[in-house]
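Here's the structure, in structure tokens; my notes come after.
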Amino acid sequence: MDELFEYAGFLAEGFLENLKLAAICAVASLILGTILAAMRVSPTPVLRGVGTVYVNVLRNTPLTLVLAFSILGLSDQLDLVFSEEPRTNAFWIVALGLSVYTAAFVCEAIRSGINTVPMGQAEAARALGLGFFQSLTLIILPQAFRVVVAPLGSVMIAMVKNTTVAVAGGFAADVAANMREVFDTTGASIPIFLGIVVAFMAVTLPIGFFTGWLARRLAVAR
Amino acid sequence: MSSSVLFDAPGPRARIRNHLLTAISLVAVGAVVWFIYRGFDDKGQWDGKIWAPFVDPSTWTDYIIPGLLGTLKAAAAAAVLALVFGAVFGLARLSEHRWIRMIAGFVVEVFRSIPLLLLIFFIYFLMQGGDYTFFALVLGLTLYNGSVLAEVVRAGVLAVPNGQSEAAYAIGLRKSQVMRMILLPQAVTAMMPAIVSQLVVLLKDTALGYIIAYVDLLNMGFKLIPANFFGSLIPAAIVIGIIYIGLNMALSALATWLEKRSRRSRKTAAPPIAPPGPALIGMGPATPGAAAIEGME
């Protein structure tokens, strides 16, 4: 138990980085995922194709590979540098890689929500003279979102857990990297491990409860 | 709702607009591709000499195939163990004894909510000294995926209509016989697609071995090949990326095919169940979108 208190500050610092990553990725992946879902149902075949290829490639690639490619390929080779300082740069590279990866799952969740909206809704929108973009933003997406609140919550929970893979993207200051560093000196410590697990559950459980509550509240009565 | 009802058959003006949009998006995609191509070109990533290793059979026999074997070995071992773990704990969660149900439920929920990489690190450090990367990776994958599979097993057995077990009890079968002869055979058919999707997740997650330096496909591709062939990083990334995507898409296609087959199968009274995914609570198997998030971690 002592080692947990001794290193608590160091580990909490790392955990804070995970939370920051999660917050950035939540916003970025929801926006990007919604755009991708709109692309995948759009009247333009090229956009549909791009969306499909994007989702299938990202969904079938291990996150570790995505992050390793982000830092080694995008940052080192393509000179996509967010900051001169390596640590800050790696943070944003990981945020980018994780958002891009999560967006593919957000897109699929929203698209399955779009599929639950009854055909009559879209037909009525068209009959009123709404164009594709109007019927999507005014009629279809608002209903689709309400259906997929719970799955989106699951995606977010998985994303929070996935922030621990940040070390593959060269960001070695998150809680997983810090835990490894502490274990290098103390050896495997059960209290430290359980402490971190509880910290993660303290974040993921409320997300689950909140989205579950929201899903019931927002459920579309049909 | 199919996507085509979202827009009308285009008239003359809409057609022009669509052509315009197509042109703009083509230009945008082209610009991105060109930018990436130029960026890699500046760093000499398209040079013949760094691609040459990939047409040389010895690169494949010395690096890529051993790496792939490492990945497949870990995936196969973890898959078998996770199925056993899932079957045991899934059935334990259906037990008639309250305390067995509670313990199994606790174990399953805890392992499902631990970030997998932390679990692998922890097991790795528990085994002090020696090369335990394979062991740590397989055990971590087993505990996490086994817990998800336990949920699949439980959902599969619960998806068999009540009448089946009632009829079985009525003809005088005992508890274990009902499970073995009536419920499980029907549940397995319903579970098959979800199990295969979870195996895709497991295969993807073997890449976490890269972080603890287990010699898998990703490690071969990103560390050993660039180190031995003048920094041929991008070619290696592209080649191993294609291998991963190909493997996973083949497995996903198998899952889709199995789902179609079990949907029209008359061997089971249970409908195919959706994979439970990483959710903790709040999502029943029938929730739309449950299938969309499979493979997230």
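Every read-out reported here was derived from the displayed coordinates using simple, explicitly stated rules and does not represent laboratory data. Bear in mind that the values here come from a model prediction, so they are computed numbers and not experimental data. Glycine also receives a Cβ, built like all others from the backbone with ideal geometry; neighbour counts cover every protein chain displayed.
Can you sort B:97, B:19 by how many other beta carbons sit within 10 Å, fewest first?
B:97, B:19
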Taking Cα atoms, how many degrees apart are the long axis of helix B:233-264 and the longest axis of chain B, rounded to 10 and kept between 0 and 90? 30 degrees
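Compute the projected area of the convex hull of the Cα atoms of the stretch A:155-222, averaged over all viewing directions, and report it in nm² to one decimal place. Present the calculation step by step, with values, prior to reporting the outcome.
Numbers: hull surface 23.6 nm².
Computed as one quarter of the Cα hull surface, the answer is 5.9 nm².
Need one word for the stretch A:138-191: rounded, prolate or oblate. Basis is the Cα gyration tensor (sqrt eigenvalues a ≥ b ≥ c); a/c below 1.5 gives rounded, then a/b vs b/c decides. Mind dumping the intermediate values first?
Details: a/c = 7.20, a/b = 3.06, b/c = 2.36.
Cα axes put the stretch A:138-191 in the prolate bin.
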May I ask for the equivalent-ellipsoid semi-axes of the stretch B:72-160, computed as the square root of five times each C-alpha gyration tensor eigenvalue and listed largest first in whole Å? 26, 14, 9
Does the stretch B:10-64 come out rounded, prolate or oblate by the C-alpha gyration tensor, with a ≥ b ≥ c the root eigenvalues, rounded set by a/c under 1.5 and, if not, prolate when a/b is larger than b/c and oblate if not? prolate
Inter-probe distance in nm under a simple model that places probes 7 Å from Cα toward Cβ, at residue B:37 and residue A:81: 2.7 nm
What are the lysines whose alpha-carbon lies under 20 Å from the alpha-carbon of residue A:161, with same-chain residues fewer than 8 places away excluded? A:20, B:204
Rounded to whole angstroms and listed largest first, the alpha-carbon spread of the protein assembly as shown along its three principal axes comes to 76, 72, 49
For the charge dipole of the protein assembly as shown, defined by +1 on Lys and Arg C-beta atoms and -1 on Asp and Glu C-beta atoms about the Cα centroid, which residue among A:42, A:159, B:40 has the Cα displaced farthest towards the positive pole? A:42
How big is chain A by Rg and Dmax over its Cα atoms, in Å? 20.3, 69
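Equivalent-ellipsoid semi-axes (√(5λ), Cα gyration tensor) for the stretch B:58-111, whole Å, largest first? Write out the running numbers ahead of the final one.
Values: eigenvalues 303, 17, 4 Å².
The equivalent ellipsoid of the stretch B:58-111 has semi-axes of 39, 9, 4 Å.
Among rounded, prolate and oblate, which fits chain B when a ≥ b ≥ c are the square roots of the eigenvalues of its C-alpha gyration tensor, a/c under 1.5 means rounded, and a/b larger than b/c means prolate?
Details: a/c = 2.59, a/b = 1.35, b/c = 1.92.
It is oblate, given that a/c is not under 1.5 and a/b is not larger than b/c.
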Alpha carbons only, please: Rg and Dmax for the stretch B:129-280, in angstrom. 20.6, 73
Which ³J(HN,Hα) values, rounded to whole Hz and listed in residue order, are derived for the stretch B:12-21 from phi using the Karplus coefficients 6.51, -1.76 and 1.60 in 6.51 cos²θ - 1.76 cosθ + 1.60 with θ = phi - 60°, glycine and proline given as x? x, 6, 5, 5, 4, 5, 5, 4, 4, 4
What residues have an amide H closer than 5 Å to that of residue B:127, excluding those fewer than 5 places away on the same chain, when H is modeled at 1.01 Å from N in the peptide plane? none
Which helices of chain A meet both criteria: a Cα extent of 27 Å or more along the helical axis and a mean Kyte-Doolittle score no lower than 1.0, with helices taken as whole DSSP H segments? A:2-40, A:190-218
Given R₀ = 35 Å, FRET efficiency for residue A:194-residue B:266 by Cβ-Cβ distance, to 0.05? 0.10
Ignoring solvent entirely, what values of log10 I(q)/I(0) come out of the Debye formula for the stretch A:1-105 at 0.11, 0.13, 0.22 Å⁻¹ when each Cα is a single scatterer? -0.45, -0.59, -1.15
